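> Please see the structure below; I have some questions.
The values are calculated or read from the model by the stated rules, or taken from the named source; none is laboratory data. Note that this is a predicted model, so its numbers are computed, not measured. Only protein heavy atoms, including side chains, enter the accessible area calculation; ligands, DNA and RNA are left aside. Shrake-Rupley method; radii C 1.70, N 1.55, O 1.52, S 1.80 Å.
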Amino acid sequence: MNAPKPKYRHTVMLVDDEPGISKAIQRILRREGLNILTAQSGPQALDMLKNRETMISLIISDHRMPEMTGAQFLSQARKIVPDAIRFLLTGYSEMDAIIQAVNQGRIHRYLTKPWQDDDLLLQVRQALEQFELTMENKRLLALTARQNAKLKELNHGLEAKVAERTKEIEQKNLQLSALNKELESSFHNTVRSFASLLQMQTPILAGHGRRVSAMARDMAMEMGLEQNETTNIEIAALLHDMARLEIARDKHLVPVSQWSHEDQEKYRQHPAEGQAMVRLIGKLDHVGLLIRSHHERCDGKGFPDGLDRFSIPLGAKIIAVADYYDMVIHLEKDKNEAVIAYMKKKPGAGSMNKQILLKKAAIQFIKENSGVIFDALAVEAFLACLSQKGTAGAREKEVGIKQLKPGMVLSRAIYSAKGQYLLPYDTELSEGYIVRLRKIAEGAGLGPIHVLLN
């Protein structure tokens with residue numbers, strides 16, 4: 001393994017009264033590109049340290065030397081070059097010398113003679129890395145100290161400027177937030193308008209999309225979901241059957257089980273195709289996922305992916321309940337299955353008004369399949385919405401065109417009688433809006449108008 005490239009041009013000092021020892025170590029270190037100084041005694045080495053012209057990274061000293069032992073030398077050398085790493089060369093029998101050197105000279109490591117060349121080289125490399133870390137730490141500490149001093153100087157009078165700048169940023173953030181909200185609203189309104197135009201090709205499904213969208217939005221609000229997620233669910237519900245527009249109109253009033261094999265396969269792929277239709281619009285990624293999963297079932301028998309209850313997005317679970325309910329009571333899809341099941345439990349139900357029968361049958365089917373086909377929490381929210389307890393329905397009322405007054409706030413989007421998208425919910429009605437809505441009502445006609453209660 002190659003050694004890491006040093007950050008410094010290191011100088012190593014070798015101190016030994018036997019020149020042969022120093023030369024042997026020099027041969028080992030030669031290929032490391034080190035600058036090597038040699039001395040034959042402690043006093044000579046101390047003079048060289050005092051008059052050095054370069055930084056000393058590592059000192060390797062023999063212990064047994066005349067005039068001064070290695071431990072004594074390293075103790076004094078530490079005062080001159082405290083950052084240098086200090087090694088002591090000793091014999092196996094010199095443990096007392098090692099202990100003395102540790103105490104007096106604060107050596108970092110000791111090497112026994114004779115040594116293994118590879119081991120010595122490894123020890124030197126590690127020592128130089130340690131030295132580099134020490135130098136880098138000192139450099140960073142010095143840099144931090146200088147920067148702190150500059151910051152302290154700049155701090156005088158800065159607080160007022162910071163407060164002023166903070167206030168300016170807060171104002172800009174508020175402006176940006178309002179602009180982003182406006183852009184987001186405009187984007188979603190564009191999607192709603194596009195959906196209404198596209199679905200007018202198959203009016204029966206366009207009405208279905210609007211109704212499921214309204215119900216899903218109420219359910220999301222009932223469950224306390226955030227505004228952004230509620231909007232995603234509303235949009236996904238509006239577009240959930242977009243890919244079914246290619247299926248012949250007369251097929252939508254016939255149970256899927258009676259369709260041709262080709263049409264059934266096309267039907268089972270429409271959630272994935274619906275996702276594909278919005279995939280290229282980045283802001284609709286999550287909407288596309290909800291569209292793809294709205295026919296999944298909690299028991300894992302849904303399509304197109306056969307997801308289990310834990311893998312189905314909550315928004316898709318909400319849409320699934322609203323979709324089934326509207327299909328039964330408005331498009332009469334799956335009517336026979338729900339009605340037959342209801343009449344088995346209520347033999348006298350055949351005399352009921354048709355619309356009431358369909359509603360009761362659909363509700364019973366949804367209740368009985370809670371946790372099997374439909375998500376239990378979504379079913380709970382659906383039932384709460386029907387009873388108008390704590391939902392949007394309890395905080396709104398339906399009004400006629402003549403009852404509109406400036407200042408009223410729409411609780412639901414307004415569509416023309418033909419399904420064309422006109423105004424989003426949360427719109428505060430002005431006199432101009434009301435005049436235009438009355439003109440549309442006189443011509444093409446308007447769908448239901450719902451406003452928030454004061």
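> Setting aside same-chain residues fewer than 8 positions from Lys266, which lysines have a Cα under 21 Å from its Cα?
Partners within reach: Lys251, Lys301, Lys333.
> Next question, about the same structure. If amide hydrogens are placed 1.01 Å from N in the peptide plane, which non-local residues have theirs closer than 5 Å to the one on Arg86?
Residues meeting the criterion, in which the H sits 1.01 Å from N, are Ile59, His108, Arg109.
> Going down the list Lys359/Lys405; Lys50/Lys138; Lys397/Lys439; Lys344/Lys418, which pairs span over 27 Å between their C-alpha atoms? Spell out each step's value before the answer.
Numbers: Lys359/Lys405 34 Å; Lys50/Lys138 22 Å; Lys397/Lys439 22 Å; Lys344/Lys418 38 Å.
Beyond 27 Å between Cα atoms: Lys359/Lys405; Lys344/Lys418.
> Also, I was wondering about something else. Residues with amide H under 5 Å of Phe374's amide H, sequence separation 5 or more or different chain, H placed in the peptide plane at 1.01 Å from N; which?
Cys298
> May I pose another question? Could you state the accessible area per residue of the range 272-353 in Å², with a 1.4 Å probe and every protein chain left in place? Provide the component values of the computation, followed by the final result.
On the way: 3920 Å² over 82 residues.
Result: 48 Å² per residue.
> Between the range 112-149 and the range 286-353, how far is it from one alpha carbon centroid to the other, in angstrom?
70 Å
> For a quick check: with amide H placed at 1.01 Å from N, whose amide H comes under 5 Å from Thr427's, ignoring anything fewer than 5 positions away on the same chain?
Leu410
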